[in-house]
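The block underneath contains the structure these notes are about, expressed in structure tokens.
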Amino acid sequence: MTIPFRPTETGNAPIVALHSSASSSGQWRQLEADLEGRFEVLAFDLPGYGRAPLASDPSRTGAAGSAAAVVHEIEKLEGAVHLVGHSNGGGIAIKVALMRPDLVKSLTLYEPAAFHFLKHGKNASQRLFQQIQGISDQVAAAAGEDDDAAAAGMRQFLDFWNGEGFWDGLPVSARQRFAGQISSIMTDFTNGFAESWALKDLFGLDIPTLVMTGLDSPEIAQHVAVAIAKALPKARIALLPELGHMAPIFQPEWINSRIFEHVATVERPIVTCSWPSQEAA
């Protein structure tokens, strides 16, 4: 577990931020800087990532193993939190909310990686599930092989989410670091596909939620984000032009302001006002 950010004294519930696959808690440093003095930001290294990863609960299946570790950390805070999740972190955030809705004051999700329900959907959903299953298969085939195979598998993964040619533009050191994470990526896929909640299970989550998706993201990311936003009773969705799947990392200025607007509104809801009645002089 790592909480790398300096706490700030505020009267607001803290933000707990969960990172994407192939990342770490460090992706939220700009969020911490942007919200300094307003909200305390706590970021954890999820299982398999960072310098001090949380320990997944091996007795649980699907995303519940990672979610249980996050729940354990939130319980230490002795109150509900604003839960933020990006990609795989978004999928885990949803699982946390399903397991312990009492610990979640608000949800902010950027393109949550929750693909399992597509398998049982209509034609478009099934087509997209087959697409992401193919990416997963390529990662699984490369994991455990030599360095060249791992690099080839990560090329497919990163180019899918960031656009063709992304891998080629990385320095050698970054390619080596990403290739070393391929086993964790495979675990994320395995856990995600093992999930069993259905969209109808989200109907009972009475949690103010902001779901964001970039209009330059892969089709599956947009499709899943919209489906989840429709299922959550207190959700609104933000469709963000010219942003891709990794916008929380590469364009945080566009994302962090929306996170702040959402959590601040939950903390200080707008009160319906009326003009005072006027009396004739």
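Scan the range 93-124 residue by residue and report those that are assigned to a helix (DSSP H, G or I), open to solvent by 20 Å² or more (accessible area, probe 1.4 Å) and either among the aliphatic types (A, V, I, L, M) or at pLDDT 95 or above (or both).
Taking the range 93-124 first, the residues assigned to a helix (DSSP H, G or I) are 93-99, 101-103, 116-120, 123-124.
Filter once more, keeping what is open to solvent by 20 Å² or more (accessible area, probe 1.4 Å): 95, 98-99, 101-102, 117, 119-120, 123-124.
Residues satisfying the conditions are K95, L98, M99, P101, D102, F117, K119, N123, A124.
Among the residues of the range 59-95, those identified as more than 13 Å from the chain's Cα centre (by Cα) and closer than 15 Å to F189 by Cβ are T61, G62, G65. Regarding A55, is this residue surrounded by fewer than 17 Cβ atoms within 10 Å (Cβ to Cβ), over 24 Å from L158 (Cβ atoms) and without any contact (Cβ under 8 Å) to a residue 12 or more places away in the chain? Answer is no for this residue. Scanning the range 164-189 for residues that are touching a residue at least 40 places away in the same chain (Cβ under 8 Å) and either more than 15 Å from A151 (Cα to Cα) or not aromatic (F, W, Y) (or both) returns Q181, I182, S183, S184, I185, M186, T187, D188, F189. Among the residues of the range 225-268, the ones that are under 10 Å from V211 (Cα atoms) and among the aromatic types (F, W, Y) come to 0 in all.
E253 - would you say it is within 18 Å of L18 (Cα to Cα) and either open to solvent by 10 Å² or more (accessible area, probe 1.4 Å) or touching a Phe, Trp or Tyr at 6+ places or on another chain (Cβ under 7 Å) (or both)? Steps first, please.
Numbers: within 18 Å of L18 (Cα to Cα): yes; either open to solvent by 10 Å² or more (accessible area, probe 1.4 Å) or touching a Phe, Trp or Tyr at 6+ places or on another chain (Cβ under 7 Å) (or both): yes.
Considered against the rule, which asks whether it is within 18 Å of L18 (Cα to Cα) and either open to solvent by 10 Å² or more (accessible area, probe 1.4 Å) or touching a Phe, Trp or Tyr at 6+ places or on another chain (Cβ under 7 Å) (or both), E253 comes out as yes.
Scanning the range 184-223 for residues that are among the polar types (S, T, N, Q), touching a helix residue (DSSP H, G or I) at 6+ places or on another chain (Cβ under 9 Å) and open to solvent by 20 Å² or more (accessible area, probe 1.4 Å) gives T190, N191, S196.
Answer yes if at least one residue in the range 73-86 is modelled with pLDDT of 95 or more, crowded, with 20+ Cβ neighbours inside 10 Å and small (G, A, S), and no otherwise. Yes, because at least one residue in the range 73-86 is modelled with pLDDT of 95 or more, crowded, with 20+ Cβ neighbours inside 10 Å and small (G, A, S).
Per the conditions (1) of a type in the set (S, T, N, Q); (2) open to solvent by less than 10 Å² (accessible area, probe 1.4 Å); (3) touching a residue at least 40 places away in the same chain (Cβ under 8 Å), the sole criterion not satisfied by Q30 is (2).
Criterion first (touching a helix residue (DSSP H, G or I) at 6+ places or on another chain (Cβ under 7 Å) and of a type in the set (D, E)) does E145 satisfy it? Reasoning before the result, please.
Details: touching a helix residue (DSSP H, G or I) at 6+ places or on another chain (Cβ under 7 Å): no; of a type in the set (D, E): yes.
Taking the combined requirement at face value, the residue does not satisfy it.
Of all residues in the range 95-117, those that are over 15 Å from A63 (Cβ atoms) and among the polar types (S, T, N, Q) have Cβ atoms under 6 Å from Cβ atoms of residues that are modelled with pLDDT of 95 or more and open to solvent by 30 Å² or more (accessible area, probe 1.4 Å), 6 or more apart or on another chain, in S106/P208; S106/V266.
The values are calculated or read from the model by the stated rules, or taken from the named source; none is laboratory data. Just so we're clear, the structure is a prediction, and the values are computed from it rather than from any experiment. Neighbour counts run over all protein chains shown; Cβ positions are idealised from the backbone, glycine included. Side chains included, ligands, DNA and RNA excluded: accessible areas come from the protein's heavy atoms. Shrake-Rupley method; radii C 1.70, N 1.55, O 1.52, S 1.80 Å.
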